[in-house]
Amino acid sequence: MLLGPNGCGKSTLLKVLGGLLEPDSGLLDTDQPSGFVFQNPDHQVVMPTVAADVAFGLGRYKMREAQVSEAVRSSLRLVNLEDFMYRATHTLSGGQRQRVAIAGVLAENPKLLLLDELTTFLDREDQFGVLEVVRNIASERRDVTAIWVTHRFEELQFADAASYMEDGRVVFTGTPEETKAYMRGLGAPV
Ligand SMILES: Nc1ncnc2c1ncn2[C@@H]1O[C@H](COP(=O)(O)OP(=O)(O)OP(=O)(O)O)[C@@H](O)[C@H]1O
Ligand SMILES: [Mg+2]
């Protein structure tokens, strides 16, 4: 989990990690490929049905139809939406749509999941549902690392570790408990 004040560089770090932005200097060493999920699922969920949306990114690979449907099905299972394959995407809740966006990225087998403030627009139930899904992915696919940016401290309970950034740098990294203590020291209401 990645924390820090507005403008400290969280999204920039994620974009550099995901290869969406070239660093001006320095060296980058990450597990690739990576998948990016943005704050607003309306920008990422673009197809009329759930299955079509999750399959969308696979269009650029040479895959047989059976492989595509298997990838779609297993990705939807990981985000607890297997029964929603044929649902129209415009009928989904915000949290469901966010989980479809995650499934779409997962279908491409990323090693690194980059999630930028994906719970900002969600109510508490959807927020926790999405984070449980992220945990589920990290435990079922041991080769996948998820990094998510958030301003909501209660999400620490879903993290294995957290980093705090200031002025473009990571200034603290620790367990969720250590991070809570650090944030309290900064006067944050954790
Ligand atoms: N493409 C860009 N060109 C120049 N400066 C940029 C660009 N993108 C971001 N910045 C600047 O870099 C700094 C870090 O921005 P970034 O979006 O990474 O912050 P953030 O930590 O994600 O903030 P927030 O919590 O508001 O989303 C800010 O000062 C921002 O204005
Ligand atoms: Mg940001």
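Derivation of every value follows stated rules applied to the coordinates shown; laboratory data play no part. Note that the structure is a prediction, hence the values are computed from the model and not measured. Every residue, glycine among them, receives a Cβ derived from its backbone with ideal geometry; neighbour counts consider all protein chains shown.
Please compute the modelled spin-label separation between residue 46 and residue 87, points set 7 Å along Cα→Cβ, answer in nm with one decimal.
Going from the residue 87 label point to the residue 46 one covers 2.2 nm.
Please report the orientation-averaged projected area of the range 70-189, defined via the convex hull of its C-alpha atoms, in nm².
Average projection, Cα convex hull of the range 70-189: 8.3 nm².
Per residue of the range 164-181, in order, report the coupling 6.51 cos²θ - 1.76 cosθ + 1.60 (Karplus, θ = phi - 60°) as ³J(HN,Hα) in whole Hz, putting x for Gly and Pro.
Taking θ as phi minus 60°, the curve returns 10, 10, 8, 6, x, 10, 6, 9, 8, 9, x, 5, x, 5, 4, 5, 4, 4 Hz for the range 164-181.
Based on the alpha-carbon gyration tensor of the range 23-137 and its eigenvalue square roots a ≥ b ≥ c, which shape applies: rounded if a/c is under 1.5, prolate if not and a/b is larger than b/c, or oblate?
Cα axes put the range 23-137 in the oblate bin.
Please report the relative contact order for the range 1-111, taking Cα pairs under 8 Å with a sequence separation of at least 6, and give it as a percent rounded to a whole number.
Averaging sequence separation for qualifying contacts and normalising by length gives 34 percent for the range 1-111.
Determine the sum of side-chain charges near residue 171: Lys and Arg each +1, Asp and Glu each -1, restricted to other residues whose C-beta is under 15 angstrom from that of residue 171.
Every neighbour counted, the sum reads -1.
Treating cross-link reach as a plain straight distance, find the lysines whose alpha-carbon is under 25 Å from the alpha-carbon of residue 62, omitting any fewer than eight places away in the same chain.
111
Using r as the Cβ-Cβ distance of residue 181 and residue 66, and R0 as 41 Å, what FRET efficiency do you calculate, to the nearest 0.05?
Taking R0 as 41 Å, the efficiency between residue 181 and residue 66 is 0.20.
What residues qualify as long-range amide H neighbours of residue 87, i.e. H under 5 Å apart, gap of 5 or more or another chain, H built at 1.01 Å from N?
50, 51
In what sequence, highest mean first, do 130-139, 162-171 appear when ranked by Cβ atoms within 10 angstrom?
130-139, 162-171
Taking amide H positions as placed in the peptide plane 1.01 Å from N, state which residues far from residue 172 in sequence (5 or more) or on other chains have amide H under 5 Å from it.
Amide H neighbours of residue 172: 164.
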